[in-house]
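Before any comments, here is the structure.
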Amino acid sequence: MTEELRPPRKLRLWEALALSVGLMGPTLAMALNGAGVAATVGKAVPLVFVLGLVGVALVAYGFVRLTRHFNHAGSVYALAGVTLGPRAGFFGGFALLGTYVFFAVCTLAATAVFAEAFAAALGFSLHVPWFAVAAVACVGVWAVNSRESRVTARTLLIVEGVGIVGMLVLSAVIVLRTGTGHAPGGQTLDLSVFGLGGTTMSAVMTATVFAFLSWAGFEACASLGEETADPRRNVPRALAGSVLLTGGLYVFVMFAQTIGFGTGEKGVAAFSGSESSLSALAQSYIGTWFSLVIAFTAVASAFAASISSTAAASRLMFALARDGFGPSALARTDRRTGTPTVALVTALVVALAGDVVLDLTGVSAFDAYYWFATLGVLCLLVAYAVAGAGVIAFILSGRGRIPKHEIVIPVLAIAYLCFVFYNQSVGQASPLSFFPWVAAAWCLAGLAAVLAAPKLARRIGERLTAELTGAEPGLGEHRPPTAEPVR
């Protein structure tokens, strides 16, 4: 007698939220992204992050609106497909797939970067090629992601939660010591950092590009729509929560870092020149032991981002293969966990192979991280813009009964995305100057594929209609053991 399999339990709100927070990697963002902003605007770093939060909120509006009506493992692929048509959906989904694959490469490399930094802080060197550290991380990612999605979510919550608590403790100590006159270098609690402070609004708006990158990946929980309980309620809440909660965290931590280094010329120079600002401040304000804690949480945050990026990539590969693009094996799910294990292995193999090639050709782990993070963000901007266009079409169609005047929000979001893409593409030194062309080539390859295969576009349209109306089993719902993957 065959044992009846129990369907995996659906994710709750906080578990869906954890995937988005994990992909954003708050600890990484706060340790790395502030220096570039400080170099551009001086002490006005917190103001930049306030404005960056406004920009990303405009983009998030579209995802929140659409996921109240549609939820699918393909995220942008489905949201644009059902509002703009299957060709636009495939184009946006293929751009997003590039983002998640590029992020998988860069986050594994980031794990190697911070693992070596943590070892150095302990007084020794790993003495191994950095791709070996990435390979170990890859095994860990598989161990987490091959289980039920709630295991992934809980792991992300624990890992990122430790990093967030560490940042909050450090920030609170900095605010307390500067406010009571006990800062190590005589720094003071200076609220003028929320004003222009001698810089220009043009410089501030340009610097919001760096801030915007800190939220890259907030939409990851949309790929868990088919695995989340009451998705039309919980997924929009998780999307909004991921932006607002990290937004408050980012502004507070950046405020603490800015006053922690000092708002004078010397302090701004120290902030902009810091390779890991959180570790430097932890050493100065609390001590070596807490600096080591922060360094370890950076390793853990990079690992968590690898878990999120490969989880999101595997869901998108699954969705595309289920609708006929790519090998049908990618549409298979584990009978017990509901996880798309073949797609997961594929994402991990591609990411690790990329890191191996980069290391063997002499690229450092830090450069690999920065290069592929840039490529991923460029593709992500395209995917976000396609989703924004989908929101505009959905509002105009009247299907969602959304007030027409709200159309100004996605219009402003697309304008902001174009601004960010332009700033990321113009005036860059080699090899960064080539990255917009690489990202464009990836996105255009997806467009060419769907334009050259009209049957694929028709099949995608039919499948999306069936899946989004509940006619087909979703990810995590078990078919009989003898059933073939849907083609």
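The values are calculated or read from the model by the stated rules, or taken from the named source; none is laboratory data. What you are looking at is a predicted structure, and each value in this text was computed from that prediction instead of being measured. All Cβ positions, glycine included, derive from the backbone under ideal geometry; neighbour counts span all protein chains shown. Keep in mind that these areas ignore ligands, DNA and RNA; they rest on the heavy atoms of the full protein, side chains included. Shrake-Rupley method; radii C 1.70, N 1.55, O 1.52, S 1.80 Å.
All other residues whose Cβ lies under 13 angstrom from that of L66 are scored, Lys and Arg at +1 and Asp and Glu at -1, for a net of +2. Of the peptides 263-273, 384-394, the ranking by mean beta-carbon count within 10 Å, highest at the top, reads 384-394, 263-273. Phi-derived couplings, Karplus 6.51 cos²θ - 1.76 cosθ + 1.60 at θ = phi - 60°, listed residue by residue for region 312-321: 5, 4, 5, 5, 6, 4, 4, 5, 5, 5 Hz, with x used for Gly and Pro. Report, in degrees rounded to the nearest 10, the 0 to 90 angle that the Cα long axis of helix 149-179 makes with the longest principal axis of the chain. Result, in degrees: 20. Against the criterion of solvent-accessible heavy-atom surface with a 1.4 angstrom probe, V54, V105, V293, V136 sort, most first, into V136, V54, V293, V105.
Once phi is turned into ³J(HN,Hα) by the Karplus curve 6.51 cos²θ - 1.76 cosθ + 1.60 with θ = phi - 60°, what whole-Hz value does each residue of region 258-267 show in order, with x for glycine and proline? 3J(HN,Hα) across region 258-267, in whole Hz: 5, 6, x, 6, x, 8, x, 4, 5, x.
Does anyone have the angle between helix 130-145 and the longest principal axis of the chain? Alpha-carbon axes, 0 to 90°, nearest 10? Approximately 50 degrees, to the nearest 10. Let me know the shape class of region 175-331, please: from the alpha-carbon gyration tensor, a ≥ b ≥ c as square roots of the eigenvalues, rounded when a/c is under 1.5, otherwise prolate if a/b is greater than b/c, or oblate. Since a/c reaches 1.5 and a/b is larger than b/c, the shape of region 175-331 is classed as prolate.
Protection proxy ranking for 356-364, 369-377, using the average of other Cβ atoms within 10 Å per residue and placing the highest first: 369-377, 356-364. Per-residue Karplus couplings for region 408-419, computed as 6.51 cos²θ - 1.76 cosθ + 1.60 with θ equal to phi - 60°, are listed in order as 5, 5, x, 5, 5, 5, 5, 4, 5, 4, 5, 4 Hz, Gly and Pro entered as x. Ignoring lysines fewer than eight residues from K43 along the same chain, the ones with Cα atoms less than 23 angstrom from its Cα are K266.
Multiplying the residue separation of Y422 and L360 by 0.36 nm and removing their Cα-Cα distance gives an extension gain of 19.1 nm. Share of carbon and sulfur in the accessible area of region 49-124 stands at 71%, probe radius 1.4 Å. Using the alpha-carbon centroid of each, what span in Å lies between region 275-306 and region 13-72? Between the Cα centres of region 275-306 and region 13-72 lies a distance of 20 Å. Note on the chain: helix-only mean residue ellipticity at 222 nm, from DSSP H runs of 4+ residues weighted -39500 (n - 2.57) and normalised by residue number, equals -24500 deg cm²/dmol.
A simple spin-label model places the labels of V136 and A329 3.0 nm from each other, with each point 7 Å out along Cα-to-Cβ. Accessible surface for the chain, divided over its residues, is 39 Å² per residue with a 1.4 Å probe.
Cα centroids of region 91-141 and region 231-254: 25 Å apart. If you take the square roots of the eigenvalues of the alpha-carbon gyration tensor of region 153-234 and sort them as a ≥ b ≥ c, do you get rounded (a/c under 1.5), prolate (a/b over b/c) or oblate? Taking the square roots of the gyration eigenvalues as a ≥ b ≥ c, region 153-234 is oblate.
Protein-only accessible surface at a 1.4 angstrom probe places the residues D230, D367 in the order D230, D367, largest first.
Rounded, prolate or oblate, given the Cα gyration tensor of region 1-159, with a/c below 1.5 counting as rounded? Judged from the Cα gyration tensor, region 1-159 comes out oblate (a/c at least 1.5, b/c at or above a/b). Computed on the chain, with alpha-carbon pairs under 8 angstrom and 6+ residues apart, the relative contact order is 33 percent. Among A347, A269, L244, which residue has its Cα positioned farthest towards the positive end of the charge dipole of region 214-354, with +1 placed on the Cβ of Lys and Arg, -1 on the Cβ of Asp and Glu, and the dipole taken about the Cα centre? Going by the charge dipole, the pick is A347.
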